[in-house]
Amino acid sequence: MTAGASFVVPIPLILLSPFIAGLTFVTRNFAREEHAFVWSDFWDAVKGNWKYFLLNGLVCYAVFTLLSFALLYYYSMAVSNWMYYIPLWMCVMVAIVFLFAQYYLPIMFVTFDLKFTHAYKNALIFTVAGFGRNILVTIILGAMLFAFLNIPLLNITLLVYVLLLVFIIFSFISYLISFAVYPIIDRYMIQAAKRIENGEQKEPAGSVEEEFPGLFSQPAEEGDDDDGDKYVYVNGRLMKKSEMKDSQQEQ
């Protein structure tokens, strides 16, 4: 496979991005020990979140392509000039931060009514706030990938590999990530939003702004006294009461 083909082949995978919404919604509910109707909740989540997930798939592909070219270029140049190790390791750090952000984005997409850019800003903050969990998840996923690539691929086990990928591996990875990172999201976003709703807190970002001043985007706005615009937790998603009423009227 040529270098160009290696970047063209993954393009169809972008079309699979919306289905991550359904998988994330179901595994998130399981991670917080809530019931989920697997089939119906899966497709409802896909229908309600496909735009953000498709857009995120495009972003991931663009970042993957740019970083891959950059890493290959700087690595080849570093052989003759050690100064190129500086941008090389900068690209490695960007790749790690972007990977950590992807642990949080799917859960935020299916849980909150946030702008796409705000979700990314929050996810980048969580790369620091949940650093220990991010490292642990990455080590586990790396070990799984290493084992998968090094197990002898015999003809008799090829079907088993395919079945494992389709029915177990993807679900396990999604559940593992949800189980590991959801407590961070719950602490800094869901519980903070509930305190705002109950009148216990006026600042939209709470303790997170103390740790990361001016960076965190909550799904609630400061000084929002209009009861119709308060955020409520409905069907696994934080949304405005006014938006909830509008959706009920449309139905």
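Here is a check on your reading of the model: is residue 127 part of a helix (DSSP H, G or I), within 23 Å of residue 183 (Cα to Cα) and of a type in the set (Ser, Thr, Tyr)? The answer is yes for residue 127.
For residues that are over 21 Å from the mean Cα position of the chain (by Cα) and small (Gly, Ala, Ser), scanning just region 52-106, find the one that is nearest to residue 139 (Cα to Cα). Don't jump to the end; show me each part of the working.
The initial filter retains those residues of region 52-106 that are over 21 Å from the mean Cα position of the chain (by Cα), namely 69-90.
Still in the running and small (Gly, Ala, Ser): 70, 76, 78, 80.
Details: 70: 24, 76: 27, 78: 27, 80: 32 Å.
Residue satisfying both the conditions and the ranking: 70.
Every listed requirement among (1) in contact (Cβ under 8 Å) with a residue 40 or more places away in the chain; (2) under 20 Å from residue 113 (Cβ atoms); (3) surrounded by 18 or more Cβ atoms within 10 Å (Cβ to Cβ) is met by residue 55 save one, (3).
I need the full set of residues from region 1-58 which are small (Gly, Ala, Ser) and modelled with pLDDT under 90, in order please. Steps first, answer last, please.
To start, the set of residues in region 1-58 that are small (Gly, Ala, Ser) comprises 3-6, 17, 21-22, 31, 36, 40, 45, 48, 57.
3, 4, 5, 6, 36 - these are the residues of region 1-58 that are small (Gly, Ala, Ser) and modelled with pLDDT under 90.
For the structure I just gave you, tell me whether residue 159 is modelled with pLDDT of 80 or more, out of contact with any His (no Cβ under 9 Å at 6 or more places or on another chain) and not charged (D, E, K, R). Before the answer, list the steps.
Numbers: modelled with pLDDT of 80 or more: no; out of contact with any His (no Cβ under 9 Å at 6 or more places or on another chain): yes; not charged (D, E, K, R): yes.
No.
Surrounded by fewer than 18 Cβ atoms within 10 Å (Cβ to Cβ) and either in contact with a His (Cβ under 8 Å, 6 or more places away or on another chain) or of a type in the set (S, T, N, Q) (or both), is that true of residue 150? Considered against the rule, which asks whether it is surrounded by fewer than 18 Cβ atoms within 10 Å (Cβ to Cβ) and either in contact with a His (Cβ under 8 Å, 6 or more places away or on another chain) or of a type in the set (S, T, N, Q) (or both), residue 150 comes out as yes. Is it the case that region 3-18 has a residue that's touching a residue at least 60 places away in the same chain (Cβ under 8 Å) and surrounded by 16 or more Cβ atoms within 10 Å (Cβ to Cβ)? Looking through region 3-18, none of the residues is touching a residue at least 60 places away in the same chain (Cβ under 8 Å) and surrounded by 16 or more Cβ atoms within 10 Å (Cβ to Cβ).
The values are calculated or read from the model by the stated rules, or taken from the named source; none is laboratory data. All values derive from a computational prediction rather than experimental measurement. With ideal geometry, Cβ positions are generated from the backbone for all residues, glycine too; neighbour counts draw on all protein chains shown.
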